[in-house]
Amino acid sequence: MTKKSLSVDLVGNPNVGKSSLFNALTGAAQLIGNWCGKTTEACTTKVAYRGREISFTDLPGVYGFGHASRAETLVDKHLRADPPDVVLVIVDALNLERNLYLALEALERYGRVVVLLNKIDAAGEHGIVIDHARLAALLGIPVIPAVATGQLDAAALYEALFAVADREAAPAYTVPYPPAVEAAIAAAAAQSDRTGLARWRAVEAVEESDEELQVEIINARYAAAAALAARCLVHHPTESVTDKLDRWALHRIWGVPIMLVVFAALFYLTFSVSRPLSDLIGALFDWLTEASLTHLPAWGVPDLAVSLIAEGLLSGLGATLGFLPQIAMFFLVYHIIQDTGYIVRVAFLMDRVMTAIGLNGKIFIPLVAGYSCNVSGILASRILTSRYDRLVAVLASSYAPCSARLGVMVFMVSAFFPSGSATLVMLALLATSVAMMATVAFVARLVVTADDESSPFISEVPVYHLPDVKHLLLDTGARTLHFLKRIRNVIILSSIVVWYLSSFPAGPFENTYLARIGLALEPVGALFGLDWQLIVALIAGIPAKESALTTLGVIYQTTGDGGLANVLTSHISPLAAFTFLVVYMTYIPCLATVITIYQELRNWSVAIASVYGSILLSVLLGLLSYNIGKLFI
Amino acid sequence: MSGEITLDMAAEKDALKVTRIIGKGKARLRLLQMGITPGTPIEVLRRAPLADPVEIAVRGAKLALRQAEAKNIAVVKEG
Ligand SMILES: Nc1nc2c(ncn2[C@@H]2O[C@H](COP(=O)(O)OP(=O)(O)OP(=O)(O)O)[C@@H](O)[C@H]2O)c(=O)[nH]1
Ligand SMILES: [Mg+2]
């Protein structure tokens, strides 16, 4: 029987390249990186092949189907609720034995299995050669060697998938269990009133009911995996690059200083490379604004439309696009840190410090992700399995200044401070954000009691992976574009709204709606040394953080001349600017973040409490920063 | 068993063998599924700056785990 359409689930240990394969086959954009636990939900996409259709589902990484983690529960439930036609087990050639364990368990349960032997390129570099034909013969199923991140022979894979789906149930390899286990399996099968309880269900019943036998079963599978690996694998052990690097990266004394230098260097690079590009974009938009102010009226465009285009749209867009280079560079750096596998070393170095303030070392990952986008930070919190750790990660990662905020911060800092001290000011702001996360964790610990089953830390330490330049650039470009798309409408809309509020009613600027709102709040702002323009910018930043800068662009274009950076420095003192940034960094994360907090925790009161909490914190920090700063100036 | 210690006490670079997994439930299953089963050779590669977590080598893979988790792995020195 030939099937017209096939469903195929990608199953494998964490970090073996399931999502890389999925993206390569389907053109999807699942998160890729060199650490365990990136994929947290099932994701399905269809592919057409020779008039037939295959629907692939990418799944989180698992070590078994026994519900030892949230991911395993999810995968097992998914497979039971919607059994696929074929299970595609991705096996990491770098770690054949442990990966085969999962392949054997999948084979025991689902029968129709294809093995994709991934990362054979990296395996080769480590002196590992695997006889895949022999493995296929021993297992009785297709084994396809591949490099998911390189040239991929998709047709060979599709053919194998259809062949396995179409064939009659074929005898495949079965794990030999010791007699005591076999007896228990037979007993479990007999106990069920339905005749012919599938063997794997009986095995599962034994595993769940008897801890002693469970160890025997797992041990037998591992013994089988080890024996298979021994027959198919030739290994010439060499001291790998990873061993050499880790001797320094994880060094007891030098590990942490090296980490700080790495982060400082990467962030410094972001600033120094992106600043000239930002200036260029700024200049381009200034020129466009000027040009439309002079030429459009001559073409008969009404004054109001000229004002909307030049002072609303162009200056708003210019202000936002000006920090696009920073954002692109940030994505680049972020990609490097996570795709090399360095992020795992950071978690290793930081865990003890993190646990001291009630955090799991793995929380570093959502927190770092939060610096790119709070929404992704919150989503990355799913790698923490305990409810308490997740709550803290979700709340704390929204205090990471995201790339939108960082862009604004970098822009303001470089406008107000000379190059040397700019880096220090930036570091001070980042340190403040870290302190805030610690505070949030501390408060959360007082309010929520940690559940007894705290997240296990145990995870693999992957070999280093040199990011592929093409992939790196494509990914950075895609993320930057995605970011642009995400903010495009908001930016255009907020530019228009702010332009409207700042142009009407016509007359002196102080009469406009925007000025009236700002002026009404000025007494409050005075406590922080913030003038009404800055307050208006904060209000405009609530739906999307980047609008704050857009708004400043629009406000000052209508009252002044020259590039935004120059205008700002002539209106605002460095201390007020710093205070503004402290408040800006802390108050209400963007609307999308607030909504994601709700979606992840399914709890409006926590989401709303986090908004109030952030306002309270920002007011406190603003008061502190301004009043302490005044003492020194 | 004579000479049995838990992995959190083990010295770096010693050749060790797993004797049993202490504890129960998900944490125990996790260790077993990752290949830390009785009889498996295991080695502590290094400890982090504050002596926690530890990096271990087992079945050709490198794993990071906390001292608290290492406490659940009973081992004996080999040879
Ligand atoms: N050298 C090499 N690296 C690969 C290959 N396939 C994937 N990788 C890298 O392996 C890492 C993990 O890839 P992912 O696709 O994110 O792995 P995953 O299995 O989806 O991981 P989780 O979702 O965390 O379970 C990334 O750094 C990839 O670039 C390959 O064939 N060769
Ligand atoms: Mg994945």
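Give me the accessible area buried between chains B and A, both sides summed, with a 1.4 Å probe, in Å² rounded to the nearest 100. Don't skip to the answer; put the middle values down first.
Details: alone 5030 and 28520 Å², together 30080 Å².
Buried surface at the B/A interface: approximately 3500 Å².
Report, to the nearest whole %, how much of the accessible area of the protein assembly as shown belongs to carbon and sulfur atoms, 1.4 Å probe, protein only.
Details: 19360 of 30080 Å².
Here it works out to 64 percent.
Taking a probe of 1.4 Å, how large is the accessible area per residue of region A:482-632, in Å²?
Details: 6710 Å² over 151 residues.
Here the residues of region A:482-632 average 44 Å² of exposed surface.
Quick one: putting +1 on the C-beta of Lys and Arg, -1 on the C-beta of Asp and Glu, what dipole do you get for region A:99-199 around its Cα centre, in Debye to the nearest 20? Intermediate values should be presented prior to the final figure.
Details: 7 positive and 11 negative charges, 45 e Å.
Taking the Cα centre of region A:99-199 as origin, the dipole is about 220 debye.
So if R0 is 45 Å, what FRET efficiency would A:Arg247 and B:Ile22 give, r being the distance between their Cβ atoms, rounded to the nearest 0.05? Walk me through the intermediate numbers first.
Working: r = 31 Å, r/R0 = 0.69.
Efficiency computed from Cβ-Cβ geometry: 0.90.
Using 7 Å Cα-to-Cβ label points, what is the B:Ala68/A:Ser605 separation (nm, one decimal)?
2.7
Once you charge only the Cβ atoms, +1 for Lys and Arg and -1 for Asp and Glu, what is the size of the charge dipole of region A:179-235 about its Cα centre, to the nearest 20 debye? Could the numbers behind the result be given before it?
On the way: 5 positive and 9 negative charges, 86 e Å.
Dipole magnitude for region A:179-235 comes out near 420 debye.
Among the listed pairs A:Lys362/B:Lys24; B:Lys13/B:Lys71; A:Lys18/B:Lys24; A:Lys119/A:Lys470; A:Lys4/A:Lys485; A:Lys46/A:Lys470, which have their C-alpha atoms separated by more than 28 angstrom in this model?
Working: A:Lys362/B:Lys24 23 Å; B:Lys13/B:Lys71 17 Å; A:Lys18/B:Lys24 30 Å; A:Lys119/A:Lys470 18 Å; A:Lys4/A:Lys485 37 Å; A:Lys46/A:Lys470 25 Å.
Pairs exceeding the cut-off: A:Lys18/B:Lys24; A:Lys4/A:Lys485.
Using 1/(1 + (r/R0)^6) with R0 = 45 angstrom and r between the beta carbons of A:Glu522 and A:Ser240, what's the FRET efficiency to the nearest 0.05?
Working: r = 62 Å, r/R0 = 1.39.
So the FRET efficiency works out to roughly 0.10.
Report, as an integer, the average count of C-beta atoms from other chains found within 10 Å of each Cβ along A:339-349.
2
Could you sort A:Asp303, A:Asp121 by their accessible area in this structure, using a 1.4 Å probe and putting the largest first? Mind showing how you got there, number by number?
On the way: A:Asp303 120, A:Asp121 70 Å².
Heavy-atom accessible area, descending, gives A:Asp303, A:Asp121.
Can you tell me what share of the DSSP beta bridges in chain A is antiparallel? A percent to the nearest 5 is fine.
Details: 10 of 30 bridges.
For chain A, the DSSP antiparallel bridge percentage is about 35.
Multiply the residue separation of A:Thr294 and A:Leu260 by 0.36 nm, subtract the distance between their alpha-carbon atoms, and state the gained length in nm to one decimal.
7.2 nm
When ligands, DNA and RNA are left out and all protein chains stay put, how many square angstrom of accessible area per residue does region A:261-335 have with a 1.4 Å probe?
On the way: 3620 Å² over 75 residues.
Normalised by residue count, the accessible surface of region A:261-335 is 48 Å².
For A:Phe411, A:Phe65, write out the residues from largest to smallest accessible area, computed with a 1.4 angstrom probe and no ligands counted. Walk me through the numbers on the way to the answer.
Working: A:Phe411 45, A:Phe65 5 Å².
Of A:Phe411, A:Phe65, the descending order of accessible area is A:Phe411, A:Phe65.
So how much accessible area does A:Lys470 have, in Å² to the nearest 10, using a 1.4 Å probe?
140
I'd like the distance separating the alpha-carbon centroids of region A:10-57 and region B:1-46, in whole Å.
34
Quick check: residue separation of A:Glu510 and A:Ser421 times 0.36 nm, minus the Cα distance between them. What number comes out in nm?
Numbers: separation 89, 0.36 × 89 = 32.04 nm, distance 3.51 nm.
So the chain would gain 28.5 nm between A:Glu510 and A:Ser421.
Which whole number gives the average count of other chain Cβ atoms within 10 Å of the Cβ atoms across peptide B:15-27?
On the way: counts 0, 0, 0, 0, 0, 1, 3, 0, 0, 1, 3, 9, 5.
Averaged over the peptide's residues, the number is 2.
Within 10 Å of each Cβ in B:41-50, how many Cβ atoms from other chains are there, averaged over the peptide? Could the numbers behind the result be given before it?
Numbers: counts 0, 0, 0, 0, 4, 7, 4, 14, 13, 9.
Counting other chains' Cβ atoms within 10 Å and averaging over B:41-50 gives 5.
With charges set only on the Cβ (+1 for Lys and Arg, -1 for Asp and Glu), what does the dipole of region A:482-632 come to about its Cα centre, in debye to the nearest 20? Don't skip to the answer; put the middle values down first.
Numbers: 7 positive and 6 negative charges, 81 e Å.
Here the size comes out at about 400 debye.
Going toward the positive end of the dipole of the protein assembly as shown, with +1 on Lys and Arg Cβ and -1 on Asp and Glu Cβ, which of B:Ile5, A:Thr439, B:Gly79 do you reach last?
Checked the options; the winner is B:Ile5.
Using a 10 Å cut-off on Cβ atoms, rank the peptides A:583-590, A:89-96, A:209-216, A:134-141 from the highest mean neighbour count down. Please list the in-between numbers first.
Values: A:583-590: 23.4, A:89-96: 25.2, A:209-216: 15.9, A:134-141: 17.6.
Highest to lowest by the protection proxy: A:89-96, A:583-590, A:134-141, A:209-216.
Using the basic label-point model (7 angstrom from Cα toward the beta carbon), what is the A:Ala48 to A:Arg80 distance in nanometres?
3.8
Please name the residues of region A:91-108 whose accessible area, counted over protein heavy atoms with a 1.4 angstrom probe, falls by no less than 30 Å² between the chain alone and the full protein assembly.
By number: A:Asn95, A:Glu97, A:Arg98.
Rounded if a/c is under 1.5, else prolate if a/b beats b/c, else oblate: with a ≥ b ≥ c from the C-alpha gyration tensor eigenvalues square-rooted, which is region A:482-632? It would help to have the intermediate numbers written out before the result.
Working: a/c = 1.83, a/b = 1.19, b/c = 1.54.
Oblate is the answer for region A:482-632, as a/c is 1.5 or above yet b/c matches or exceeds a/b.
So for region B:5-77, taking the charge dipole from beta-carbon charges (+1 Lys/Arg, -1 Asp/Glu), which of B:Val44, B:Leu32, B:Ala61 sits furthest toward the positive end?
Of the listed residues, the answer is B:Leu32.
Need one word for region A:5-166: rounded, prolate or oblate. Basis is the Cα gyration tensor (sqrt eigenvalues a ≥ b ≥ c); a/c below 1.5 gives rounded, then a/b vs b/c decides.
Values: a/c = 1.19, a/b = 1.06, b/c = 1.12.
In terms of gyration-tensor shape, rounded.
Can you give the FRET efficiency for B:Glu4 and A:Asp121, using 1/(1 + (r/R0)^6), R0 = 56 Å, r = Cβ-Cβ distance, to the nearest 0.05? Show your work: numbers first, answer last.
Details: r = 42 Å, r/R0 = 0.75.
So, using R0 = 56 Å, E works out to roughly 0.85.
Angle check, please: helix A:387-397 long axis (alpha carbons) against the longest principal axis of chain A (alpha carbons), in degrees 0 to 90, nearest 10.
30
Cα centroids of region A:265-321 and region A:375-443: how far apart, whole angstrom?
Cα centroid of region A:265-321 versus Cα centroid of region A:375-443: 29 Å apart.
Subtracting the Cα-Cα distance from 0.36 nm times the residue separation, let me have the gained length for A:Ile492 to A:Ala186 in nm, one decimal.
Values: separation 306, 0.36 × 306 = 110.16 nm, distance 6.83 nm.
Taking A:Ile492 through A:Ala186 to full extension adds about 103.3 nm, to one decimal.
In degrees, nearest 10, range 0 to 90: what is the angle between the Cα axis of helix A:547-559 and the longest Cα principal axis of chain A?
Its long axis makes an angle of about 20 degrees.
Using alpha carbons only, how many degrees (0 to 90, rounded to 10) separate the axis of helix A:96-110 from the longest principal axis of chain A?
70
For region A:48-69, state which residues have at least 20 Å² less accessible area in the presence of all protein chains than in their chain by itself, taking the probe as 1.4 Å and leaving out ligands, DNA and RNA.
The answer is A:Tyr63, A:Gly66, A:His67, A:Ala68, A:Ser69 - residues whose exposure falls by at least 20 Å² when every protein chain is included.
The values are calculated or read from the model by the stated rules, or taken from the named source; none is laboratory data. Keep in mind that this is a model prediction, so the values were computed, not measured. A quick note on method: Cβ atoms are made from the backbone with ideal geometry, for glycine too, and the neighbour counts reach across all protein chains shown. Ligands, DNA and RNA are stripped out before the accessible areas are found, and what is left, the full protein with its side chains, is counted by its heavy atoms. Shrake-Rupley method; radii C 1.70, N 1.55, O 1.52, S 1.80 Å.
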